[in-house]
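Accompanying notes for the structure given below.
The values are calculated or read from the model by the stated rules, or taken from the named source; none is laboratory data. Here the structure is a predicted model, which means the values were calculated and not measured. Ideal geometry is used to build each Cβ from the backbone, glycine not excepted, and the neighbour counts take in all protein chains shown. To get the accessible areas, we keep the full protein, side chains included, count just its heavy atoms, and leave off ligands, DNA and RNA. Shrake-Rupley method; radii C 1.70, N 1.55, O 1.52, S 1.80 Å.
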Amino acid sequence: MASSTQRLAVKSQATLDTFQTALASLAAKYRSDEVLTAIRHIPAREAQLRPMPEWVLPELAAAYRAKGIEQLYSHQAAAAELARAGTDFVVVTPTASGKTLCYNLPVLNAVLENADTRALYLFPTKALAQDQLAELHDLAARLDDRFGVFTYDGDTPSDARKAIRERGHVILTNPDMLHTGILPHHTKWMRLFENLRYIVLDELHTYRGVFGSHLANVLRRLRRIAEFYGSRPQFICCSATIANPDELAAQLIERPVTAIEENGAPSSEKLFVFYNPPMIDRNLGIRRSYLNETTRVAKELLARKLQTIVFANSRLHTEVLLTYLQQANPPQIGAPEPIQGYRGGYLPGERREIERGLREGRVRGVVATNALELGIDIGSLDACVMAGYAGSIASTWQRAGRAGRRSGTSCAVLVASSAPLDQFIVQHPDYFFSRSPEHAYIQPDNLEILVNHLKCAAFELPIAPDERFGGVDVEQLCARLGEAGYLHRSGGNWHWVQEAYPADTVSLRSVTSDNFVIIDTKGNDRGEPEVIGEVDFSAALTTVHPKAIYLHQGQQYHVDRLDFEQRKAYVKPVDVDYYTDAIRYTQVRVLEIAEEESIAELWAAEKREITASGNKTSHRGDPAMAGLKARPSIENHSNDGFWAAKAHGDVLVRSQVIGFKKIKFFTNENVGDGKLELPENEMHTTAFWITLERPLLASLPFALSERQTGILGLLYALESMASLLLMCDRRDLGTAVRERPPSPGVETEWNEAPPSMTDLDNVKEFFEPNLYLYDAYPGGIGFSEPLYRAHDLLLRRTKEMIDACPCESGCPSCVGPAGEKSERTKEAALAILERLCAANRAASAA
């Protein structure tokens, strides 16, 4: 035993030495601390073991023993006991910590005790469900097939579905199939619903924003149908590490939840590296292409015989990186490609073969999208390289966990792009490596979402007048739907009367069902037009407008025509070296303020501090403020306060796409533009905003154009940081600057879109601007109030991000690209932030 342990230690040290040699080679040409901004050594951890519970049936314990599992990790034992007690709970542990056993053990034990017991497992992707199916089939075979386990998704053959409904003890599916294929046909699933004891929600942290808000409503419908059939299932949830797993779980299932956060699983030694591509132009903040640098890092690791997975954030980048690495690692004559791709769009058989090749070692490297991020078993890889930040700390750790899942030393390298979030993460490694600050937010009572699911619920079962569905007035909504011809009241209950099948028109990935279909006019092999995708209404205006370049599975399509009446976009394949970025003119009108508060009366606090210290040129909290107080423009200003305010509430957003830019791939050069005349779009949503009052703006020692670009640069940075703190996609938030209204609902006239969005000389000066961060979905999705609560953290982190950027006058990594007339954008944005942050400090001190 000792010699085996020694051999493992020697092997781990050799692997560690190989990683360090590769890193030294990567940084050899540059200042190491500028390129390798963090190298964290995460030591191996011993397992915390507990005995198998006495209530586990001997045959099930024997099946696990045959798989090498004689004891449980501490979190598995805790989960098993809660499941046995009927408590709803969420397990929060890292990747490869054995979360699957937390639900399989109690569920299978219950099925073996009572053959009528049924369980429903929900996974966010079909691939993950297929992977778990293999584990359950293995256990079933060891137990003489005493229980039936089946996946039920869009790939399930129609002739097999009846047998699954009859013989399935454990059904593995996804939210989309539950929404469209099971709940509307619940009469065919009577056996499942009458005996439904467990519902498992795996990868809980993925259910946030729009998707999570939809799932909460799907679960309302599921609980409603289960109650109709006389069952009250227990919920077992599993999540990666986020700051509020119990809160998220409780919002999704609308019940109290117990959280298990102790991780008893062992972990192997890991080296985690942040790699920031070298700077090419320090003034403009331009770095070397992160895709080229990712290729270089992966080539170094593959050349040292280390099995490597490379993650990209888009299908296009996956294909580009795959091309580079396949060219650098050609196959032996007659042998298959040692480097493979893995993403959505590949056939299921292809994906299973790639997974098998990774487990068996035939595939030396794989380039993947987030399709491989979740818990699919691909064996124990040596290294993980990430091309760009994954968008959340939880997702980044999950990707890093794909290497070294079982044993042995592994390495994870995050190669940062020039995006603000990437730069903030690699410049502030402690933010990443400390306890996760990320919160997952949902808004199940968003009216657009809820009403769609209320229609589905009425189709499934009549709605009683006293029935509850979320926190809304169900009776009033049903009456409105009755007036619109969807429902009819009979015998006191509301019944669905339309012939249409409501669930079929409701996508769980968007707020509204008003989607545009994208049609390839060149079509298939027979020359027939072919539907290649769809986008929701708001996205259509920016992604499939006339003359846009639409990207689909690495192929570029030119949009020839957008048919608003038929909701169709007609495209044709092209081969160009650019993509398009829509220019949107947005205005916001405040309808109702939910909460509002002055951030602080900064100058009064500053004057009190100056008086107390007797020194007008010192500032204890922030040396950068010392020079500001000495300026006459501040000292002699008649108003006694640098005022600012924060608020959140309901807003009306009016936007219009007025043109587009052509952006060259990889260099991001602007190679052209075009004008568009598209309809205006109005949306009622929620927003958080900061008001910069006149004394604050008057104190800024900048020209008008510099002040204006500073405000816009600050908003650009605030949006980046907000998406980090909210764990959402940047596209989930919209931004706008608008003059402060006299009062809610009272607004100046809507302005016409300016002839040129880049002509700063024609921009009217903001007297007291509101900087809006609004939810980019009708009705809001729950981001505005959390931003209001965390405004001080938002301001502080945004300032840290801009401060840490080495550019001189602004770049895409901080306040946005510097323009010809905005050389002081960064300086102006920082000056505003310094005042706001000092105001927060003064308010806190008071």
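Every residue, every condition in (1) more than 22 Å from residue 308 (Cα to Cα); (2) not basic (Lys, Arg); (3) not in a strand (DSSP E or B), yes or no:
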site	(1), (2), (3)
256	yes, yes, yes
263	yes, yes, yes
271	no, yes, no
274	no, yes, no
277	no, yes, yes
280	yes, yes, no
291	no, yes, yes
295	no, yes, yes
298	no, yes, yes
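Annotation: of all residues in segment 511-528 being open to solvent by 10 Å² or more (accessible area, probe 1.4 Å) and under 25 Å from the mean Cα position of the chain (by Cα), the one that is modelled with the lowest pLDDT is 513.
Which residues, taken from segment 183-209, are under 30 Å from residue 499 (Cβ atoms), out of contact with any strand residue (DSSP E or B) (no Cβ under 6 Å at 6 or more places or on another chain) and crowded, with 21+ Cβ neighbours inside 10 Å? Passing the criteria: 183, 189, 193.
Restricted to segment 158-242, the set of strands (runs of 3 or more DSSP E) holding at least 1 residues that are small (Gly, Ala, Ser) and more than 21 Å from residue 99 (Cβ to Cβ) is empty. The residue list 422, 445, 504, 466 contains one member that is buried (at least 17 other Cβ atoms within 10 Å of the Cβ), farther than 30 Å from residue 273 by Cβ, acidic (Asp, Glu) and at pLDDT below 95, which is 445. Select from segment 561-579 the residues that are assigned to a strand (DSSP E or B), closer than 18 Å to residue 672 by Cβ and at pLDDT 85 or above and list them in ascending order. Answer for segment 561-579, where residues must be assigned to a strand (DSSP E or B), closer than 18 Å to residue 672 by Cβ and at pLDDT 85 or above: just 574. Taken over segment 566-593, the criterion of being of a type in the set (A, V, I, L, M, F, W, C), closer than 18 Å to residue 684 by Cβ and open to solvent by 40 Å² or more (accessible area, probe 1.4 Å) is satisfied by 591, 593.
If I ask for residues that are without any contact (Cβ under 8 Å) to a residue 24 or more places away in the chain and either under 18 Å from residue 250 (Cα atoms) or of a type outside the set (Lys, Arg) (or both), which ones from segment 64-102 would you list? It would help to see each step written out before you state the result.
Going residue by residue through segment 64-102, those that are without any contact (Cβ under 8 Å) to a residue 24 or more places away in the chain are 65, 68, 70-71, 85.
Within segment 64-102, 68, 70, 71, 85 meet the criteria.
Looking only at segment 383-432, residues that are among the aromatic types (Phe, Trp, Tyr) and farther than 24 Å from residue 803 by Cα come to 1 in all. Among the candidates 27, 2, 80, the residue that is surrounded by 12 or more Cβ atoms within 10 Å (Cβ to Cβ) and at pLDDT below 95 is uniquely 27.
When the residues of segment 536-548 are filtered to those that are without any contact (Cβ under 8 Å) to a residue 60 or more places away in the chain and over 13 Å from residue 681 (Cβ atoms), the one that is least open to solvent (accessible area, probe 1.4 Å) is 544. Looking only at segment 817-846, residues that are modelled with pLDDT of 90 or more and open to solvent by 50 Å² or more (accessible area, probe 1.4 Å) come to 1 in all.
Annotation: residue 595 fulfils all but one of (1) of a type outside the set (Val, Ile, Thr); (2) in contact with a Phe, Trp or Tyr (Cβ under 8 Å, 6 or more places away or on another chain); (3) at pLDDT below 85; the unmet one is (3). Filtered by the rule that a residue be in a strand (DSSP E or B) and modelled with pLDDT of 75 or more, segment 343-388 gives 365, 366, 367, 368, 381, 383, 384, 385, 386, 387. Is segment 716-736 home to any residue that is in contact (Cβ under 8 Å) with a residue 24 or more places away in the chain, open to solvent by 30 Å² or more (accessible area, probe 1.4 Å) and farther than 17 Å from residue 794 by Cα? Scanning segment 716-736, I find at least one residue that is in contact (Cβ under 8 Å) with a residue 24 or more places away in the chain, open to solvent by 30 Å² or more (accessible area, probe 1.4 Å) and farther than 17 Å from residue 794 by Cα, so the answer is yes. Restricting segment 46-67 to residues that are open to solvent by 60 Å² or more (accessible area, probe 1.4 Å) and either basic (Lys, Arg) or closer than 21 Å to residue 112 by Cα (or both), the residue that is modelled with the lowest pLDDT is 67.
Residue 739 passes every criterion in (1) at pLDDT 85 or above; (2) under 22 Å from residue 802 (Cβ atoms); (3) among the charged types (D, E, K, R) apart from (2).
For (1) of a type in the set (A, V, I, L, M, F, W, C); (2) crowded, with 20+ Cβ neighbours inside 10 Å; (3) not in a strand (DSSP E or B), each residue gets a yes or a no:
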{"site": "782", "(1), (2), (3)": "no, yes, yes"}
{"site": "788", "(1), (2), (3)": "no, yes, yes"}
{"site": "793", "(1), (2), (3)": "yes, no, yes"}
{"site": "800", "(1), (2), (3)": "no, no, yes"}
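What do you reckon, is residue 223 within 15 Å of residue 120 (Cα to Cα), basic (Lys, Arg) and out of contact with any Gly (no Cβ under 8 Å at 6 or more places or on another chain)? Yes; evaluated as a whole, the condition is true for this residue. The one condition from (1) under 16 Å from residue 57 (Cα atoms); (2) within 29 Å of the chain's Cα centre (by Cα) that residue 145 does not meet is (2).
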